[in-house]
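The values are calculated or read from the model by the stated rules, or taken from the named source; none is laboratory data. Not measured: the values here are computed from a predicted model. As a convention, Cβ positions derive from the backbone with ideal geometry for all residues, glycine included, and neighbour counts pool all protein chains shown. To get the accessible areas, we keep the full protein, side chains included, count just its heavy atoms, and leave off ligands, DNA and RNA. Shrake-Rupley method; radii C 1.70, N 1.55, O 1.52, S 1.80 Å.
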Amino acid sequence: GDITVGDVILRVRQGTALAFHDLTLAYLGGRNAHRVEQMSVVTPWGPMAGKLRLGARREFPVDAVVDWNLAGLPVDGQLNAALAGTLERIEVSASGTLLAHAIAGQGRVRLFESSRIELIEARWSDVDLAKLVDGAPPTALDVHASARSAPDALLAGTIEVQNAIAGLLSGDRLPLAA
């Protein structure tokens with residue numbers, strides 16, 4: 001049935017309390033699965049809506065979709081994410097905008113492993129620094145980040161940046177191609 005919770009305050013250990021407002025959802029549960037439909041909440045980072053299905057039998061299949069409008073952060077944007085897999089291994093894919101530029105990514109989470117984040121890949125496309133930073137030259141940056149869990153760190157990986165309109169600073173361009 002429909003559930004209205006209202007406000008939820010979360011505090012992890014001695015950390016700052018996080019307030020989530022206007023939480024509403026529809027819950028359907030049974031012997032084979034639990035479903036949350038029509039979920040909406042205002043998070044400290046903007047409003048979020050979505051749905052989730054969690055299987056109630058061994059392997060515990062998971063699938064979910066979330067739409068999130070980022071607000072109250074140093075950056076604005078909108079993300080759409082999908083989760084699929086099992087509770088043990090969840091594949092995440094996301095797309096949207098960050099500072100009015102397209103972003104897309106994917107990842108894999110292993111909830112019961114010591115390195116919970118197995119991999120993350122993200123691409124931020126056609127980023128024009130002139131629109132983001134006063135006085136910056138125009139750019140068309142393609143930023144690709146890739147990281148995996150590592151024995152000596154939470155994640156280890158690479159960031160590659162290419163500028164489709166690279167040039168000399170004297171020509172009001174950014175000489176960045178690697």
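Among the residues of region 60-75, is there at least one that is touching a Ser or Thr at 6+ places or on another chain (Cβ under 7 Å), closer than 22 Å to residue 43 by Cβ and either open to solvent by 50 Å² or more (accessible area, probe 1.4 Å) or without any contact (Cβ under 8 Å) to a residue 12 or more places away in the chain (or both)?
The answer is no; no qualifying residue exists.
If you check residue 16 against the conditions, is it open to solvent by 70 Å² or more (accessible area, probe 1.4 Å) and within 28 Å of residue 153 (Cβ to Cβ)?
Here the answer is yes, as residue 16 does meet what is asked.
Please go through region 64-87 and pick out each residue that is of a type in the set (Asp, Glu) and modelled with pLDDT under 95. Show your work before the answer.
First, pick out the residues of region 64-87 that are of a type in the set (Asp, Glu): 67, 76.
Matches in region 64-87: 76 only.
Out of all the residues in region 27-43, is one or more out of contact with any strand residue (DSSP E or B) (no Cβ under 9 Å at 6 or more places or on another chain), open to solvent by less than 50 Å² (accessible area, probe 1.4 Å) and without any contact (Cβ under 8 Å) to a residue 60 or more places away in the chain?
yes
How about region 1-26: which of its residues are small (Gly, Ala, Ser) and touching a residue at least 24 places away in the same chain (Cβ under 8 Å)?
Matches in region 1-26: 1, 19, 26.
From the list 129, 111, pick out the single residue that is touching a residue at least 40 places away in the same chain (Cβ under 8 Å) and among the hydrophobic types (A, V, I, L, M, F, W, C).
So the residue among 129, 111 that is touching a residue at least 40 places away in the same chain (Cβ under 8 Å) and among the hydrophobic types (A, V, I, L, M, F, W, C) is 129.
Of a type in the set (Gly, Ala, Ser) and under 26 Å from residue 89 (Cα atoms): which single residue out of 46, 72, 55 fits that description?
Values: 46 fails: under 26 Å from residue 89 (Cα atoms); 72 fails: under 26 Å from residue 89 (Cα atoms).
Among 46, 72, 55, only 55 is of a type in the set (Gly, Ala, Ser) and under 26 Å from residue 89 (Cα atoms).
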